[in-house]
Amino acid sequence: DPRQAPANNRTMSDAKAESKRKSTREKTEEDIQYEERLESGTEIKSLAIKRVQTARSRSQVVLYQVDVKTGHAEWATFKRFNAFYEFHQQLVKDLKKCGLPKFPPRHSKILTDHFDRFFIEKRRADLEQYMQSLLRIPGMANQEHMLKFLGVK
């Protein structure tokens with residue numbers, strides 16, 4: 001019967017439909033949350049660490065001002081070096097195969113004056129470079145740990 005095409009003579013639309021079926025996979029909860037963050041404009045567009053201040057809690061501490069911009073807002077958050085370190089440790093634990101950048105070195109307070117202005121400036125620049133390197137990793141600007149650390153959610 002000429003109206004029936006042989007099985008190996010599929011139409012172009014059949015091939016496209018089959019290809020699409022093969023390439024689609026079940027969306028995970030994480031995929032859905034990622035897409036929602038993209039649509040809502042919470043993706044981090046830029047960040048900078050240009051200012052540092054010392055503060056007193058129980059003892060004197062150094063705070064790094066992280067200026068954050070998303071599609072809808074911009075703000076500053078203040079973090080101690082140890083908060084950056086704990087954030088990095090969380091990323092290493094959960095995302096070790098993402099090609100994470102090297103974290104700036106830690107220095108003993110016994111051997112290094114953590115309030116020396118040159119030390120603070122070097123650490124600020126190193127932290128800024130580290131954070132910007134993270135943002136260059138595809139998908140990191142929308143990654144849940146990054147958004148929490150920077151106060152997006």
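The values are calculated or read from the model by the stated rules, or taken from the named source; none is laboratory data. All values derive from a computational prediction rather than experimental measurement. Because the Cβ atoms are built from the backbone with ideal geometry, glycine has one as well, and the counts that use them run over all protein chains shown. SASA here: full protein model, heavy atoms, side chains in, ligands and nucleic acids out. Shrake-Rupley method; radii C 1.70, N 1.55, O 1.52, S 1.80 Å.
List of remarks:
- Label-point separation in nm, S46 to E26, each point 7 Å along Cα→Cβ: 4.2
- Taking T54, T77 and ordering them by how much accessible surface each has at a 1.4 Å probe, largest first, produces T54, T77.
- Where R58, R123 fall by accessible area, highest first, once all protein chains stay in place (1.4 Å): R58, R123
- Label-to-label distance, nm, for residues given as D67 and L135 (7 Å Cα→Cβ offset): 1.1
- Placing a label point 7 Å from the Cα of H114 along the Cα-to-Cβ direction, the residues of the stretch 47-69 whose backbone N falls under 17 Å from that point are 52-65.
- Violating pairs (Cα-Cα greater than 19 angstrom) within the set K45/K102; K79/K148; K97/K122; K50/K79; K102/K148: K45/K102; K97/K122; K102/K148
- In Å², nearest 10: area of E74 left accessible to a 1.4 Å probe: 130
- Three-way shape label, the stretch 51-133, alpha-carbon gyration tensor, a/c 1.5: oblate
- Listed residues F118, F149, F78 arranged by accessible area, highest first, probe 1.4 Å: F118, F78, F149
- Amide H within-cut-off set for R51, under 5 Å, with H built and near neighbours excluded: Q65
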